[in-house]
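Structure first, then comments.
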Amino acid sequence: MGVGFVVGVLGGLVLAHAAYATIQYRGMLKIMEEEFSGPPTNVVIELLLGLVLCVVAGLAVPGKFCSIPPDAEENRVVSLPTNLDFMIFNHRAFEKVDDVSQGSSIFVNNENGDRLLKGQGGGGRD
Amino acid sequence: MVGAAEEAQLNRLESQVDNGGGGAWEYLCLVRKLKARRSEKVLLHGLSILNNPKDRSRLGGEEWTLYEQVAIAAMDCQKIDVAKECVAALSQKFPGSLRVSRLEGMLLEAKGEWADAEKAYTCLLEENPLDQVIHKRKVAMAKAQGNPSAAVEYLNKYLSTFMADHDAWRELAEIYVGLQMYKQAAFCYEELILCQPAIPPYHLAYADVLYTMGGLENLQTAKKYYASTISLTGGKNTRALYGICLTTVAINQLTKGRNKEEKESPELQFLAPAALLKDYKQRAPEKLPLLTSMLKNMKIIS
């Protein structure tokens with residue numbers, strides 16, 4: 001981020017200097033009463049340099065690139081999400097429910113099995 | 001879709017939360033985003049957030065999302081009383097909400113009160129005849145009652161209205177596979193591949209169905225789809241590699257004796273076992289002899 005940002009600022013400065021040099025050059029041409037045929041070499045070099053610096057900064061500053069190919073590590077699909085809309089509840093837990101509910105490990109604050117969500121009424125009213 | 005990186009992140013977060021390293025809310029968010037079904041963990045960690053007033057108030061409006069998530073997880077674990085309290089809290093906050101009424105219907109389902117659930121869903125459908133989730137719940141109910149043919153019928157009717165719903169197509173395909181109606185299942189998978197061509201599990205499932213149906217033409221198509229799975233996953237899908245081996249053997253058996261005028265990509269049948277062997281050597285060297293002897297029996301490698 002830091003290096004890219006500095007490069008970007010540098011590129012902007014180089015471009016600004018190219019603009020300033022062009023204006024100065026045209027003023028000089030007017031004084032010498034010559035025709036404008038093309039920008040001087042130093043301006044062209046500055047413009048190219050500014051372009052390169054700005055492109056580098058534009059690629060480096062915003063962030064990392066994402067990979068496009070489907071078999072890249074970030075994109076590779078390993079499994080489909082569970083089809084939760086069609087979830088059914090009478091699976092093995094249905095039969096197990098009686099022996100699990102006593103002394104179960106699932107409840108954190110469940111001493112007597114009747115008040116499972118403490119202070120839930122207060123949350124409802126806020 | 002669950003990417004490789006996302007799955008690794010989920011597992012990492014899960015072990016972190018299980019070992020008391022914090023990050024429970026991030027874990028629950030990721031579970032929701034990836035639509036993973038880890039109800040027991042969601043119930044455990046979600047309840048510990050909900051039971052702690054300080055944690056709960058820190059969530060702000062997201063608290064109600066968590067209530068919904070925990071309610072569904074509780075139904076999945078058959079903790080009806082927890083689910084009831086969550087749904088009660090939600091209906092107190094959002095009276096008359098459709099989403100909460102759906103949850104109430106699901107609660108009836110979880111209790112096994114099918115007639116009441118059916119009645120509740122029919123009532124809701126009268127008000128909103130185009131609610132996709134409720135239609136899907138009715139399909140799931142038929143399935144849960146052990147009546148897959150009714151589920152198929154209902155799902156077909158649903159799909160004639162909502163043709164772009166790929167989750168429903170996938171469910172229909174899975175039910176058809178369960179009913180051993182492979183031709184119909186293959187049609188569903190074709191539909192899925194058409195609407196999401198870059199998702200390898202669909203290619204794989206389609207190839208599996210075709211391989212199960214058998215016949216030379218189906219086997220050749222199956223081989224192509226196994227190959228496309230491999231190219232979409234970068235060769236990291238072991239099942240597709242095995243699929244190539246098996247289809248190759250089956251095709252060779254069928255075409256034995258006949259003149260093989262054109263053979264597509266003859267190197268494929270050597271590449272797939274080679275890739276398998278390499279993969280096993282890297283990740284499970286102790287199982288390598290098993291694989292080698294099996295491939296030798298199939299006469300794929302010498």
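With a simple spin-label model that places each label point 7 Å from the Cα along the Cα-to-Cβ direction, the separation between B:Gln180 and B:Cys29 comes to 4.9 nm.
Note: relative contact order over the stretch B:74-147, using C-alpha pairs below 8 Å and six or more positions apart, is 25 percent. In straight-distance terms, cross-link reach from B:Lys33 covers every one of the aspartates and glutamates whose alpha-carbon lies under 15 Å from its own, apart from those fewer than eight places away in the same chain; here that gives A:Asp85, B:Glu6, B:Glu7, B:Glu14, B:Glu62, B:Glu68.
Please compare each pair in B:Lys111/B:Lys138; B:Lys223/B:Lys287; B:Lys157/B:Lys183; B:Lys183/B:Lys224; B:Lys183/B:Lys299 to a cut-off of 27 Å on the Cα-Cα distance and tell me which ones are over it. The pairs that break the limit, which is 27 Å between Cα atoms, are B:Lys183/B:Lys299.
Note that the protein assembly as shown, at 37 °C in a medium of 0.692 mPa s, gets a Stokes-Einstein diffusion coefficient of 122 µm²/s from its Kirkwood radius over C-alpha pairs. Each of B:Ile230, B:Ile134 has its accessible area taken with a 1.4 Å probe; listed largest first, they run B:Ile230, B:Ile134.
Phi angles of the stretch B:132-138 translate, via the Karplus equation with coefficients 6.51, -1.76, 1.60 and θ = phi - 60°, into HN-Hα couplings of 5, 4, 5, 4, 5, 4, 5 Hz per residue; Gly and Pro are given as x.
With the Kirkwood sum run over all distinct C-alpha pairs, the stretch B:1-71 has a hydrodynamic radius of 12.3 Å. Calculated FRET efficiency, B:Trp114 to B:Lys93, Cβ-Cβ distance, R0 = 25 Å: about 0.35 to the nearest 0.05.
A simple count of charges around B:Met141, restricted to other residues whose Cβ falls under 10 Å of its Cβ and scoring Lys, Arg +1 and Asp, Glu -1, yields +2. Could you name the aspartates and glutamates in cross-link range of B:Lys143, using Cα to Cα under 12 Å and dropping any fewer than eight places away on the same chain? Filter leaves B:Glu109, B:Glu153, B:Glu171, B:Glu174. A 1.4 Å probe over all protein chains sorts B:His203, A:His17, A:His91 by accessible area into A:His17, A:His91, B:His203, starting with the largest. Expressed as a whole percent, the accessible area of the stretch B:130-197 that falls on carbon and sulfur atoms is 57 (1.4 Å probe). Mean residue ellipticity, 222 nm, helices only, the protein assembly as shown: the sum of -39500 (n - 2.57) across DSSP H runs of n ≥ 4, divided by residue count and rounded to 500, is -22500 deg cm²/dmol. Across the stretch B:130-197, the relative contact order, built from alpha-carbon pairs under 8 Å that are at least six residues apart, equals 24 percent. A full extension of the chain between B:Lys157 and B:Lys256 corresponds to an added length of 31.2 nm, given 0.36 nm per residue minus the alpha carbon distance. Considering only B:Thr255, B:Thr122, B:Thr292, the Gaussian network model of chain B with Cα springs below 10 Å gives its largest mean-square fluctuation to B:Thr255. What residues have an amide H closer than 5 Å to that of B:Val2, excluding those fewer than 5 places away on the same chain, when H is modeled at 1.01 Å from N in the peptide plane? Those lying under 5 Å, H to H, from B:Val2 are A:Val78, A:Ser79. Per-residue 3J(HN,Hα) values for the stretch A:15-20, derived from phi via the Karplus relation 6.51 cos²θ - 1.76 cosθ + 1.60 with θ = phi - 60°, read 5, 4, 5, 4, 4, 4 Hz in sequence order (x marks Gly and Pro).
If you line up the long axis of helix B:200-213 against the longest principal axis of chain B, both from Cα atoms, how many degrees apart are they, to the nearest 10? On a 0 to 90 degree scale, this one is about 60.
For chain B, averaging the sequence separation of C-alpha pairs within contact (under 8 Å, six or more residues apart) and dividing by the residue count gives a relative contact order of 7 percent. Over all pairs of different C-alpha atoms, chain B has a mean inverse distance whose reciprocal, the Kirkwood radius, equals 22.6 Å. Residue-normalised convex hull volume from the C-alpha trace of the stretch B:29-123: 97 Å³ per residue.
Counting heavy atoms of the protein chains alone, B:Tyr225 has an accessible area of about 60 Å² for a 1.4 Å probe.
Across peptide B:79-91, the average count of Cβ atoms from other chains found within 10 Å of a residue's Cβ is 4. Between B:Ser48 and B:Gln16, the simple spin-label model (points 7 angstrom out along Cα→Cβ) gives 1.5 nm. In sequence order, the stretch B:151-158 has phi-based couplings of 4, 4, 4, 5, 5, 4, 5, 4 Hz under the Karplus curve 6.51 cos²θ - 1.76 cosθ + 1.60, θ = phi - 60°, and Gly or Pro positions carry x.
Pairwise Cα distances in the stretch B:155-253 exceed 18 Å in 46 percent of cases. Modelled this way, with points 7 Å down the Cα-to-C-beta line, the labels at B:Lys224 and A:Asn83 are 2.6 nm from one another.
For chain B, the longest principal axis of the Cα atoms and the long axis of helix B:39-50 meet at an angle of about 30 degrees. If you sort B:Trp25, B:Trp169 by accessible surface, 1.4 Å probe, largest first, the order is B:Trp25, B:Trp169. Counting only alpha carbon atoms, the long axis of helix B:238-255 and the longest principal axis of chain B meet at about 40°.
The values are calculated or read from the model by the stated rules, or taken from the named source; none is laboratory data. Since the model is a prediction, treat every value here as computed from it, not as a measurement. Note that each Cβ is placed from the backbone with ideal geometry, even for glycine, and that neighbours are counted across all protein chains shown. Calculation scope for accessible area: heavy atoms of the full protein, side chains included, ligands and nucleic acids excluded. Shrake-Rupley method; radii C 1.70, N 1.55, O 1.52, S 1.80 Å.
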